[in-house]
Amino acid sequence: MKPSTELFDLISSLSKSEKRFFKLHSSLQSGDKNYLRIFDAIDKQRAYDEKALKAQFKGETFVKHFPSEKNHLYKLILKALRAYHADSSVSGVLKQEIKNIEILYHKALYKECNKLLHRAKRTAQENERFYYWFELLSWE
């Protein structure tokens, strides 16, 4: 079976600042980070070569479950990209606000939740993001 190039394609598509953000975002976690080693190795490749990667990490325990390590890395990159681009659009900001409202609600912080809800509704209405406005109405 031919290895997938999706992770390579994702890493190759990252700008320098996105790569830097991913590494900074990853440094917040403690412990050994095999996924960063895989990230750096794939980033150095011109074309995806999984055999070369496995040879480079020969003897490492994580090579035995390399597909799951790659999947984990892929998800972490997407998570970092969501954080990186979160404030770049009104829709992104509103999605975050809705998530924050949900968190505050489940923490029973209703006063803070209501304050955030009204601010988000105003933003949605001012920017004609009615889909989000209707979703915010459901939190009232």
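Read the figures in this text as sums done on the coordinates, not as results from a lab. None of these values were measured; they are calculated from a predicted model. Cβ placement follows ideal geometry from the backbone for every residue including glycine, while neighbour counts extend to all protein chains displayed.
The modelled label-to-label distance for the pair residue 15/residue 95, using points 7 Å beyond Cα in the direction of Cβ, is 1.8 nm.
Once C-alpha pairs closer than 8 Å and six or more residues apart are averaged by separation and normalised to the residue number of region 6-84, the relative contact order reads 47 percent.
Normalised by residue number, the volume inside the convex hull of the Cα atoms of region 6-84 is 86 Å³ per residue. So how tilted is helix 34-44 from the main axis of the chain? Cα-based, degrees 0 to 90, rounded to 10. Approximately 70 degrees, to the nearest 10. With neighbours defined as other Cβ atoms within 10 Å of a residue's Cβ, the residues 123, 5, 61 order from fewest to most as 61, 5, 123. For region 70-140, the set of trypsin sites (Lys or Arg not before Pro) satisfying both a DSSP loop assignment and a count of at most 10 other C-beta atoms within 10 Å is given as 107.
Coordinate range of the alpha-carbon atoms in the chain per principal axis, descending: 56, 30, 29 Å.
Cross-link pairs exceeding 24 Å between alpha carbons, from the set 70/95; 44/79; 19/107; 75/115: 70/95; 19/107; 75/115.
In this simple spin-label model, placing a label point 7 Å from the Cα along the Cα-to-Cβ direction at both residue 88 and residue 33 gives a separation of 2.0 nm. Label separation (residue 75 vs residue 109): 2.6 nm, computed from points 7 Å beyond Cα along the C-beta direction. Between the helical axis of 110-126 and the longest alpha-carbon principal axis of the chain there is an angle of about 90 degrees.
Based on C-alpha pairs under 8 angstrom that are at least 6 apart in sequence, the chain has a relative contact order of 19 percent.
For residue 23, the aspartates and glutamates whose Cα falls under 17 Å of its own Cα, not counting residues fewer than eight places away in the same chain, are 32, 40, 43, 69.
Considering helices alone, the calculated mean residue ellipticity of the chain at 222 nm is -22000 deg cm²/dmol, with DSSP H runs of length four and up weighted by -39500 (n - 2.57) and normalised per residue.
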